[in-house]
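Comments concern the structure below.
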Amino acid sequence: MKAVIMEIHKDYCIVVTEEGRFLRRKIPSGVFEIGDEIMIDQELTFEPAKTPRQSMVGRYLATALVVVVVIVGAVLGIRFIRQYYASEGRGLAEYEAVAEEAAEEVVEEAEEPQYEYEESAELTKDEAEEALAAEEEKEGNVVYKDIYFLDVENWVQEKIRGIMFSYRVESGTVLQVQLENISSEPGFDGTFELFMLKADKSETRVIDIPFKNFVPGDFFEDAFMLQEGETSFRLEVFEEF
Amino acid sequence: MRSLEDRISRAKDEKDEANRLISEFKPFIASVVQKKVGRFVEYGVDEELSVGLMAFKEAIDSYDRQKSKFLSFARMVISMRLIDYYRKSKKERTVSIEGSDRSDIAADESSMEQYKIADENEKRILEIIEYRNLLKKWGISLEQLVDISPQKEDLREQYKMVARVIAGNESILKALLRTKRLPVKEIENILSIHPKKLERGRIYIIAMVLAMVAGFSYLNISRGDMK
């Protein structure tokens, strides 16, 4: 088939055939000029169009690929969550037990008004699942967890996710807390939760310090009166992604 | 439309016209240089192209339309300046000088057939450059045409038929040239082709219409349509 060279590039040229077909063709460098007529192999130019059957096969393959990616992603995600809890020392069994318990509690609570609304059974089940999912999500966002003791008078500092967390106990009765974003990353969204503990590790209360867009350079300071018997606190940092 | 020779005459006095010509003929200059040096050359990278550009400008300034066709003359000037350049930088051996252009021309002249072919080639080059400029005005590149050019002969023929209808219908053609949009409804009324199909082939159809309207004689893009 005859074709005219319309444009020459480094590795190829663009030709147009007599039939009005524009094609890319490999040509030796420095041999041809624009406007030269060359013969191109018809077999080489033959690019079979996809038949409807081939198109269907392609679609099925694409769909199958998406399904595989979703399944693999889900499996890896579950594995990651399990590994995370295992590494946190809580153990998978404990985590599952807590999750089950939470689900049962929510279901029980949701089941109470069952006699009032016949259709509420389905709804409460959904709510229970949502609550469990929310709980899991929250647990999943814990980025830091550690125990700190309150028998200190000097400042104790800890850098957590680009935020300098400092605390000290003044006169044995007041817990002073300071937080400063010393990172250069975008603002922090999340909560610093102080679970106040007695000597037997039982919780007395939770002090929440939430942040919304706590940007680099921001500073936070507060003081809390210690309650009787509080000897330590467990700091848990939740980050919203 | 003014001939290339007319434009050259004008370019001798008007710098803008000379610059426009150089810009339009850059692909031609590159292809001549490439053929001489025997490898791919790139603007901004290879010095030979600067030599080629200067030689083309020299050809514009010294062209005498009574003696020869401009592109043959420009090709000869570019080749000679390239040889001078290589002699100067002692790189003559890399230049493909199997037969100088003067002897090429002599050989061409010795055979009427060869002369005819060379003449046709030259006219084809002019038409290619004109076609590229036309497409450029419509924002269409040759690369784009390669990608959207229909592979199936049936479809290609259908699009060419649409292009023929547009080119042959004054009101539809005017609408296309004015709005730069394919008058889908009007075409649908005449050919009963689905609008989506027309839309898919829009660029190709426009490219064909432009070629038909330009009335190229040597750039035989659509067999049976152009001549």
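Quick notes
- Residue A:157 meets the stated requirement of being polar (S, T, N, Q), surrounded by fewer than 14 Cβ atoms within 10 Å (Cβ to Cβ) and modelled with pLDDT of 85 or more.
- Highlighted here would be helices (runs of 4 or more DSSP H) found entirely within the stretch B:1-105 that include at least 2 residues which are at positive phi, at pLDDT 85 or above and over 18 Å from the mean Cα position of the chain (by Cα), but there are none.
- In the stretch B:15-66, the residues that are among the basic types (Lys, Arg) and within 15 Å of residue B:81 (Cβ to Cβ): B:35, B:36, B:57
- The strands (runs of 3 or more DSSP E) falling completely within the stretch A:1-113 that include 1 or more residues that are of a type in the set (Ser, Thr, Tyr) and at pLDDT 55 or above map to A:13-17.
- Qualifying positions in the stretch B:19-62 - of a type in the set (Asp, Glu) and closer than 17 Å to residue A:14 by Cα: B:42
- Residues that are closer than 17 Å to residue A:152 by Cβ and among the polar types (S, T, N, Q) are absent from the stretch A:200-210 altogether.
- Filter result (within 13 Å of chain A (Cβ to nearest Cβ) and either in contact with an Asp or Glu (Cβ under 7 Å, 6 or more places away or on another chain) or loosely packed, with under 13 Cβ neighbours inside 10 Å (or both)) within the stretch B:157-177: B:160, B:164
- Here the stretch A:162-212 is the region considered, the condition is being in contact with a strand residue (DSSP E or B) (Cβ under 6 Å, 6 or more places away or on another chain) and part of a loop (DSSP other than H, G, I, E, B), and the residue that is farthest from residue A:142 (Cα to Cα) is A:199.
- Assessment of the stretch A:168-175 against the conditions (buried (at least 16 other Cβ atoms within 10 Å of the Cβ), at pLDDT 80 or above and under 16 Å from residue A:227 (Cβ atoms)) yields at least one matching residue.
- For the stretch A:1-24, a residue qualifies if it is crowded, with 17+ Cβ neighbours inside 10 Å and more than 7 Å from chain B (Cβ to nearest Cβ), and the qualifying residues are A:3, A:5, A:13, A:15, A:17.
- The set of residues in the stretch A:151-175 being under 12 Å from residue A:194 (Cα atoms) and touching a residue at least 24 places away in the same chain (Cβ under 8 Å) consists of A:165, A:175.
- Inside the stretch B:20-50, residues that are touching a residue at least 60 places away in the same chain (Cβ under 8 Å) and within 9 Å of another protein chain (Cβ to nearest Cβ) make up a count of 4.
- Any chance residue A:193 is acidic (Asp, Glu), closer than 15 Å to residue A:161 by Cα and buried (at least 18 other Cβ atoms within 10 Å of the Cβ): yes
The values are calculated or read from the model by the stated rules, or taken from the named source; none is laboratory data. This structure is a prediction, so every number in the text was calculated from the model and none was measured. Glycine gets a Cβ as well: all are built from the backbone with ideal geometry, and neighbour counts include every protein chain shown.
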